[in-house]
Amino acid sequence: MDRRFIDLLEEKARSCRARIGIGLVNPGRDVLESLVPAGEYAEIIAVGDAAPEGIELIRSASPEEELIRLLMSSEIDGAVRGNISATRTMRALSRAGIDVMRMALLELGGWAFFLAPVGIDEGETLQDKLELGMRGASFLRGMGVDPTVSVLSGGRLEDVGRSEHVDTSLAHGEFVAARLRENGFDAIHRGILIESARGDDLVLAPDGISGNLLFRTMLMVCGATAMGAPVLTDEIVFVDSTRARSEFIGPIILASALVSMRCGR
């Protein structure tokens, strides 16, 4: 995908202006100020202890629980985690019956792509990685993208025999790419050569730790733009977001666009 995909999301969000909740606890001035222009893309409801003038605030001592309650009761169309606790928010989603599995949307030098896994405890087993790949690719199809998937692993394909860990990683990469192809997706195992994945739509890291390192490197070192990480489910629209952000316009755009796409607006 290229920058045009991000432009499409902005167009969808702007035309829909879905009712999007965002968790905010003691936010900085930059965060609060960013919510004003974000109002072009969504009707924003802050859940926590602060909001800029003109934006609805639902005060709560437990914003994680309240945000998910509002989402599950359809009082809001979608939600963005904002800067509240990831652990407590994901637990609240799990208690609500949502299987938490995410992929992050990044844009770097005109290349827009989804990266997974990005949670350090995700993609630990072969079955987990396969399920993430299947659900991620299916999610992209639901967004109107016939995805090209790059499966990464711990070495070049010719590195078999260098170590047991590398051998296992390479075998898992081959297996996941093959199963994705069997299910009708365009997938290739690229080994450790992430540079050859440029231009593809979904990049699967070897595990959650390496995926999180890739995400943080691209975002905080290479200057990539992060649009947030949607939870891969058809039940609700929830976009995760790192607390390291100084603004949440991207995740709000993504959440509102996903609502628009699901409603056919």
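Any read-out appearing in this document is the output of simple, stated calculations on the displayed coordinates, not a laboratory observation. Every value quoted in this text rests on a predicted model; they were computed, and no experiment measured them. Virtual Cβ from ideal backbone geometry, glycine too; neighbours counted across all protein chains shown.
Overview of values
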| item | result |
| --- | --- |
| 10 Å-binned pair-distance histogram of the stretch 105-227 (Cα, whole percent) | 14, 48, 33, 5, 0 |
| GNM flexibility winner over the chain from GLY136, GLY78, GLY154 (Cα, springs under 10 Å) | GLY154 |
| Residue-wise HN-Hα coupling along the stretch 119-129, computed from phi with Karplus coefficients 6.51, -1.76, 1.60 (Hz; x: Gly, Pro) | x, 4, 9, 9, x, 6, 10, 4, 5, 4, 5 |
| Amide H partners (placed H, <5 Å) of ALA224, local residues excluded | LEU219 |
| Cα-only Debye scattering, the stretch 4-140: base-10 log of I(q)/I(0) at q = 0.10, 0.14, 0.16 Å⁻¹ | -0.39, -0.77, -1.00 |
| Residue with peak Gaussian network fluctuation, the chain [Cα springs, cutoff 10 Å], from GLY21, GLY208, GLY97 | GLY97 |
| Percentage of interatomic Cα-Cα distances in the stretch 183-245 larger than 16 Å | 58 percent |
| Backbone HN-Hα couplings from phi across the stretch 41-46 [Karplus 6.51/-1.76/1.60, Hz, Gly and Pro as x] | 10, 7, 8, 9, 10, 7 |
| Calculated log₁₀ intensity ratio I(q)/I(0) where the Debye formula runs over C-alpha points of the chain, q = 0.11, 0.13, 0.16 Å⁻¹ | -0.58, -0.80, -1.16 |
| ³J(HN,Hα), Karplus 6.51/-1.76/1.60, whole Hz, each residue of the stretch 226-231, x for Gly, Pro | 9, 9, x, 10, x, 6 |
| Ranking of VAL31, VAL237, VAL151, VAL36 by count of other Cβ atoms within 10 Å, fewest first | VAL36, VAL31, VAL237, VAL151 |
| Which of THR148, THR125 has the fewest Cβ neighbours within 10 Å, and the rest in rising order | THR125, THR148 |
| Residue-averaged 222 nm ellipticity for the chain, from DSSP H runs of 4+ at -39500 (n - 2.57), nearest 500 | -13000 deg cm²/dmol |
| Spacing of the two label points (7 Å from each Cα toward its C-beta) at ALA86 and VAL160, in nm | 3.5 nm |
| Rel. contact order, % - alpha carbon contacts under 8 angstrom, at least six apart, the stretch 160-223 | 18 percent |
| Fewest-first sequence of GLU122, GLU164 by Cβ atoms within 10 Å of each Cβ | GLU164, GLU122 |
| Cα Rg, Dmax, the stretch 1-77, angstrom units | 13.5, 41 |
